[in-house]
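These notes are about the structure you will find just below.
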Amino acid sequence: GCGINRHAWLRKRPWLHLADNGVWIRPVCEDGQWRAHIEWTLENGGSEDFSGKLEAEVTGPQGEAVCRFTLEASAAAFATVRMRAVCPIDGPALWDTEAPNLYTLHTTLVSPAGADRQATRFGLRQTRFDAREGFFLNGKPLKLLGVCNHLDHAGIGATIPRDLWRYRVQLLKGMGCNAYRCSHNPPPPELLDVCDELGVLVMDENRSFSTAGSAMHLLRSMVRRDRNHPCVILYSLFNEEPMQGTPKGRRIAQRQRAEVRKLD
């Protein structure tokens, strides 16, 4: 109800390009070894087939190269394809609330259609919820000391620049907060970037409590957009919903939960 309150970008890119929210990095620790499982979604928006190369490099918190690889890429006319790779990470610098270490995946897709580039940040961290013992971050118990923040800010309204998001989150962290609930809509990307950088845990909020096609599309797009952020540890399915506690509400929540778990 407050008009356009976020950046609106016109993107110019070649026919063969990285899809919107088409880079997914899933860091896992298996047998003591950290690996980043990477998936790229490529789209060919043109009427002819294209082939090229996908070049990728992962850099660490200090800018050091962690791994590099080049993959052959091709897509038929108007097709969408997925490509995958695994990057082993030795001597990992974990992300947590006190040391929010960030890695970056640099992707370049080159073909006769042109070049498409994207930098995607991520963090190495493990989360676990226990019904008796609470929340664990990287194997250590952590109390979630959080706030429920609405989008608007005094004197400005809902159009909040990045520097003000940083100021706001720094104030909250100075008060002892380590967690932030996005009330009552998916947050602007700039807020999640700031929480990644400052080490603040986030509950990412979906506000559309429905299994209609448009509502599920919004839920999926939120998860795809935000799943690389190490700060995001929870997805909220709905809030202040009259159907909560009813059989119908339970069925809707189960369907939405299954969709979220499919994507993250």
Shape parameters for the stretch 106-169, alpha-carbon atoms, Rg then Dmax in Å: 19.6, 57
Mean shadow area (nm²) of the C-alpha convex hull around the stretch 30-74 is 4.6
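Return the Rg/Rh value of the stretch 73-226, two decimal places, where both radii are evaluated on C-alpha atoms and Rh is the Kirkwood radius.
Result for the stretch 73-226 is an Rg/Rh of 1.01.
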Please report the base-10 log of the normalised intensity I(q)/I(0) for the stretch 78-142, using a Debye sum with one equal scatterer per alpha carbon and no solvent, at each q in 0.16 (1/Å). -0.76
Taking the Cα centre of the stretch 1-95 as origin and charging only Cβ (+1 Lys, Arg; -1 Asp, Glu), how large is the dipole, in debye to the nearest 20? 380
Output the peptides 231-243, 205-217 sorted from most to least packed, where packing is the average of other Cβ atoms within 10 Å over each peptide's residues. 231-243, 205-217
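Using a cut-off of 15 Å between beta-carbons, work out the net charge of the residues near residue 222 (Lys and Arg +1, Asp and Glu -1, residue 222 not included).
Values: positive: 6, 181, 207, 220, 224, 225, 227, 257, 261, 262; negative: 20, 204, 205, 226, 259, 264.
Neighbour charge sum, excluding residue 222 itself: +4.
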How large is the charge dipole for the chain, taken about the Cα centre, if only the Cβ atoms of Lys, Arg (+1) and Asp, Glu (-1) carry charge, to the nearest 20 debye? 720
With no solvent term and unit scatterers on the alpha-carbon positions of the stretch 11-163, Debye gives log₁₀ I(q)/I(0) at q = 0.11 Å⁻¹ of -0.61
Quick check: with the 1.4 Å probe, what order do 130, 90, 20 take by accessible area, largest first? 90, 20, 130
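Of 167, 180, which has the most accessible area and how do the rest follow, probe 1.4 Å?
Working: 167 120, 180 10 Å².
Greatest to least solvent exposure: 167, 180.
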For the stretch 77-187, give the magnitude of the charge dipole about the Cα centre (Cβ charges: +1 Lys/Arg, -1 Asp/Glu; no others), in debye to the nearest 20. 100
Within the chain, cysteines having no neighbouring cysteine beta carbon under 4.7 Å are 2, 29, 148, 177, 182
Ignoring ligands, DNA and RNA, what percent of the accessible area of the stretch 44-188 is carbon or sulfur (1.4 Å)? 50
How big is D, in µm² s⁻¹, for the chain by Stokes-Einstein at 20 °C and 1.002 mPa s if Rh is the Kirkwood radius over C-alpha pairs? 106
Please report the antiparallel percentage of DSSP beta bridges with both residues in the chain, rounded to the nearest 5. 80
Give me the 1.4 Å probe accessible area per residue for the chain, excluding ligands and nucleic acids, in Å². 54
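The values are calculated or read from the model by the stated rules, or taken from the named source; none is laboratory data. If you're wondering where the values come from, they're calculated on a predicted model, not measured in any experiment. All Cβ positions, glycine included, derive from the backbone under ideal geometry; neighbour counts span all protein chains shown. Side chains included, ligands, DNA and RNA excluded: accessible areas come from the protein's heavy atoms. Shrake-Rupley method; radii C 1.70, N 1.55, O 1.52, S 1.80 Å.
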